[in-house]
Amino acid sequence: MKKLFIAVAFMFVAQVSMAQTATTKAADPAFKKEVLRLLELSGTNAQYEALINPIIKSAPADKQADFKKEVTESLKGLTDKIAEIYMQEFTPEDVKTMIKYYESPVGKKAASKAGVLLEKGQAAGMEWGQSLQGIMMKYSGE
């Protein structure tokens, strides 16, 4: 029984320690700054542009500029949330390594293609989704 108690106590201490480490990482402004830099270098912002441009074009032409400004401003909250996720999932060393990659020629190329890859990937996904309609009808019993 004493061994069981010690094992449970050890697991509790380990979990508290891990939670404190995650909280400490999330509260580190220097780490967050590096993650935000990574998100910029990696082309994440270009992907946001590719996602919001069709939405902006759906607004009346005379309101698109103001709409884009508001939508772009709202992305700051999303970027902060994405940064927090990166901070939970990656170490500062991981982020530094990824930044080195995105500062390299091939990394810069990958980042510059992020928006195009997203658009083409969405088109491919839509095409695939449409191709599923026949399969779905085959198995729906109709």
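Just to check I understand the Karplus step: with θ = phi - 60° and J = 6.51 cos²θ - 1.76 cosθ + 1.60, what whole-Hz values come out for region 96-108, glycine and proline as x?
Taking θ as phi minus 60°, the curve returns 4, 5, 5, 4, 4, 4, 6, 8, 7, x, 5, x, 5 Hz for region 96-108.
Within the set Lys69/Lys109; Lys68/Lys113; Lys32/Lys108; Lys63/Lys120; Lys32/Lys63; Lys32/Lys120, which residue pairs have Cα atoms separated by over 26 Å?
With Cα atoms farther than 26 Å apart: Lys69/Lys109; Lys63/Lys120; Lys32/Lys63; Lys32/Lys120.
Can you tell me the order of 45-51, 95-101 when each peptide is scored by its average per-residue count of other Cβ atoms within 10 angstrom, highest first?
Final packing ranking: 45-51, 95-101.
Give me a comma-separated list of calculated 3J(HN,Hα) values for region 126-141, in order, Karplus coefficients 6.51, -1.76, 1.60 applied at θ = phi - 60°, integers in Hz, x for any Gly or Pro.
5, 4, 4, x, 5, 5, 6, 4, x, 5, 5, 5, 4, 9, 7, x
Translational diffusion coefficient, Stokes-Einstein: compute it for region 30-140 using the Kirkwood radius over C-alpha pairs as Rh, at 37 °C and 0.692 mPa s, and state it as an integer in µm² s⁻¹. Could the numbers behind the result be given before it?
Details: Rh = 16.3 Å.
Translational D for this selection: 202 µm²/s.
Every number here is computed from the coordinates shown, using simple stated rules; none is lab data. What you see is a predicted model, and the numbers here were worked out from it, not measured in a lab. Glycine gets a Cβ as well: all are built from the backbone with ideal geometry, and neighbour counts include every protein chain shown.
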